[in-house]
Amino acid sequence: MFEHVEPFPGDPILSLVEAFNADARHDKVNLSIGIYYDNEGRIPTLGSVVDAERSLPERVLTSAAYLPMDGLADFRKAVQVLLFGDESLVAESQRVATIQTLGGSGALKVGADFLHRYFPSSTAFVSDYTWDNHVGIFHGAGFKVDRYRYFDKLSKGVDFEGMLSDMLAMREQSIVVLHPCCHNPTGADLTPAQWDRLVSVFQERNLIPFLDVAYQGFGDGIEEDAYAIRAFERAGVKFFVSNSFSKIFSLYNERVGALSVVCKDAEEAERVLGQLKSTVRINYSSPPATGARIVSAVLLDAERNRVWRQEVGLMRERIRGMRQVLRDVVEAKKPDVDLSYLTSQSGMFSFTGLSRERVEMLREDWGVYLLGNGRLCVAGLTTQNVLRVAEALVSVI
Ligand code: LMR
């Protein structure tokens, strides 16, 4: 019956975590998966999260009733404020359909399935490079997946003109997956002025933007990192936003995320919401409760929200500090090498440009794990391991 089932070659990110866990070396360093570690090398438990958990009445925590297909109403409201801003007309005008999802991946999957039902012959475009699962999810939903130019290998920044000209050449109603901040895997982001230009191209060309935000607050700040989302909204564009609370709440295994679809008006949003619910129903019926209850109890409480913003700020600053230290140490040891990209790129990741062979040498010889494409998770560096990582890098560049 299963003779034709081919072996799973492994996921480019999750298989490395398995390999890392199986590695017996005590000085191994995991800079592969996008997880934020504190300076002690632990996945932090945020104070705002602990406080929110304590605030939930026991009967809420133990209630086993199903949530609605679209998730917790409070959570959905909190997501809209976080993404679109306190003063957002979008939230007030009810033209956004938001559902709670199984993390950011779940939001992408529901969004992709929904899109495939209504735009089956569209092509989904992802940035070159992108998070591998973007390709997997849109392909899995039935789309042809293609790439638009994004990363400029020479400057280690964005090839903005290339990106624009690829978008101008796309057919109407092409789906374009964008990273509003902290681009994964390159760490190279657009400036606000570039986003403004891009928004007008989307308007002119009638493309379908799908903004995937997993790191709001890890770049320049929680509000600053929402610039692209708010620019699309201000311009009256219809678009999708998938967002994740895994990293910014350090709640990876709770699988908390959301999908928001910005529509023309409240009536359209109501119809879209109905079809999103139907998509959820035939995928997994309804989402889990605890993580979303915690996130709502943080976002909707002024004091906890304030503490959480501070905690995100500290994570952001620690990542920035590690970028600087790694750059300084490597450049001090190898003055002919320019690692300025480490401090100009933003968010959890930097794209080193190292070949697969060199990445393998780092893993084999030093127990330092990067992704095969050369992505380094800066948020895995600590003051204890950064010197060793620098030494390892110096040996391969
Ligand atoms: C990553 O890019 O490493 C993270 O988003 C984790 C994942 O699920 O791939």
Extreme residue, modelled with the lowest pLDDT, among residues of the range 80-99 that are part of a helix (DSSP H, G or I) and closer than 18 Å to Val295 by Cβ:
Ala91
Taking first residues from the range 26-39 that are under 26 Å from Arg255 (Cβ atoms) and second residues anywhere that are in a loop (DSSP other than H, G, I, E, B) and near the ligand (Cβ under 10 Å from one of its atoms), the pairs with Cβ under 7 Å that are 6 or more apart or on different chains are Ser32/Ile13; Ser32/Leu371; Ile33/Ile13; Gly34/Asn184; Gly34/Lys247; Gly34/Met348; Tyr36/Lys247; Tyr36/Met348
How many of the residues in the range 65-79 are surrounded by fewer than 20 Cβ atoms within 10 Å (Cβ to Cβ) and farther than 11 Å from Pro288 by Cα?
3
Of the conditions (1) away from the ligand (no atom under 16 Å from the Cβ); (2) over 23 Å from Ala78 (Cα atoms); (3) modelled with pLDDT of 95 or more, the single one that Asp338 does not satisfy is (3)
Among the residues of the range 17-71 satisfying the criterion of being over 27 Å from Leu354 (Cβ atoms) and touching a strand residue (DSSP E or B) at 6+ places or on another chain (Cβ under 6 Å), which is nearest to the ligand (Cβ to nearest atom)?
Gly71
Just the residues that are within 16 Å of the ligand (Cβ to nearest atom) and of a type in the set (A, V, I, L, M), please, taken from the range 369-397.
Leu370, Leu371, Leu376, Val378, Ala379, Leu381
For a quick check of your reading of the model, give me the residue pairs whose first member lies in the range 131-145 and is within 23 Å of Cys181 (Cβ to Cβ), whose second is in a loop (DSSP other than H, G, I, E, B) and within 12 Å of the ligand (Cβ to nearest atom), with beta-carbon atoms closer than 6 Å and at least 6 apart or on different chains.
Trp131/Asn184; Asp132/Pro12
Residue list for the range 353-384, filter: surrounded by 22 or more Cβ atoms within 10 Å (Cβ to Cβ) and out of contact with any helix residue (DSSP H, G or I) (no Cβ under 8 Å at 6 or more places or on another chain):
Val359, Arg375, Leu376, Cys377, Gly380
Given (1) surrounded by 22 or more Cβ atoms within 10 Å (Cβ to Cβ); (2) of a type in the set (A, V, I, L, M, F, W, C); (3) part of a helix (DSSP H, G or I), identify the lone condition not met by Ala258.
(3)
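The values are calculated or read from the model by the stated rules, or taken from the named source; none is laboratory data. These numbers were taken from a predicted model, which means no experiment stands behind them. Here the Cβ is made from the backbone with ideal geometry for all residues, glycine too, and neighbour counts use every protein chain on show.
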